[in-house]
Structure formats: structure tokens, C-alpha cells
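Chemist: Quick one: the structure is below, questions incoming.
Only the coordinates and a few stated rules stand behind these numbers; no lab work does. What you see is a predicted model; the values in this text were computed from it and never measured. No Cβ is skipped: glycine too gets one built from the backbone with ideal geometry, and neighbour counts run over all protein chains shown.
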Amino acid sequence: MQQLSVLFPTPLGCYDYLSDTQLEVGTFVLAPFGRKKLIGVVWDKEPNTHIDKSKIKQILEVLPYQPLPY
């Protein structure tokens with residue numbers, strides 16, 4: 001299980017999520033964000049390892065788009 005940072009089109013920055021598969025920076029994903037599901041991108045920010053993994057939500061879907069160049 002990989003913990004990673006996901007950037008959403010909001011002014012609030014990155015959020016940590018879990019993924020069953022290894023994802024590279026720039027990969028587009030669909031993830032729960034409050035009551036919504038938002039498209040975000042895996043970002044190069046280091047995830048917060050002090051968060052209890054049982055409280056971190058899981059990425060719902062890896063989207064079939066070309067990753068952003070890094």
C-alpha cells in the first residue's frame with residue numbers, strides 16, 4: 001500500500017491518500033474529497049507519515065490519461 005500526496009484544483013494544497021498500486025508523479029486519479037469525488041494529480045510532495053493509515057482514504061480510480069511530465 002503506497003501513501004502519496006494528491007493535488008486538487010482547490011486553494012487548499014495537497015492531501016494524502018493510499019493506493020494499492022505504485023503511481024508515478026503526474027498520474028491523474030479520482031479520489032474522495034469530503035462528500036464529493038474530485039480529479040487530482042499525484043504530486044511530488046512527501047506525504048505526512050505521522051497520520052494513522054487507518055484514517056487515510058483510498059484513491060478510487062486511476063484515470064486513463066497521459067501523466068503530466070515531471
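Chemist: Net charge near W43, counting Lys/Arg +1 and Asp/Glu -1 over other residues with Cβ under 14 Å of its Cβ?
Modeler: On the way: positive: K45; negative: D16, E24, D44, E46.
Cβ neighbours under 14 Å give a net charge of -3.
Chemist: Run through every distinct alpha carbon pair of the chain and return the Kirkwood hydrodynamic radius in angstroms, one decimal place.
Modeler: Computed over Cα pairs of the chain, the Kirkwood hydrodynamic radius comes out at 12.1 Å.
Chemist: Separate question: Taking K and R as +1 and D and E as -1, what net charge do the other residues with C-beta under 13 Å from the C-beta of Q58 add up to? Walk me through the numbers on the way to the answer.
Modeler: Numbers: positive: K37, K53, K55, K57; negative: D16, D20, E61.
Neighbour charge sum, excluding Q58 itself: +1.
Chemist: If the label point is 7 Å along Cα→Cβ of V62, which residues in segment 1-25 have backbone nitrogen under 11 Å from it?
Modeler: Counting only backbone N, you get 19-25.
Chemist: Based on the mean of other Cβ atoms within 10 Å per residue, sort peptides 2-11, 58-67 so the most packed one is first.
Modeler: On the way: 2-11: 15.3, 58-67: 12.4.
Ranking the peptides 2-11, 58-67 by packing returns 2-11, 58-67.
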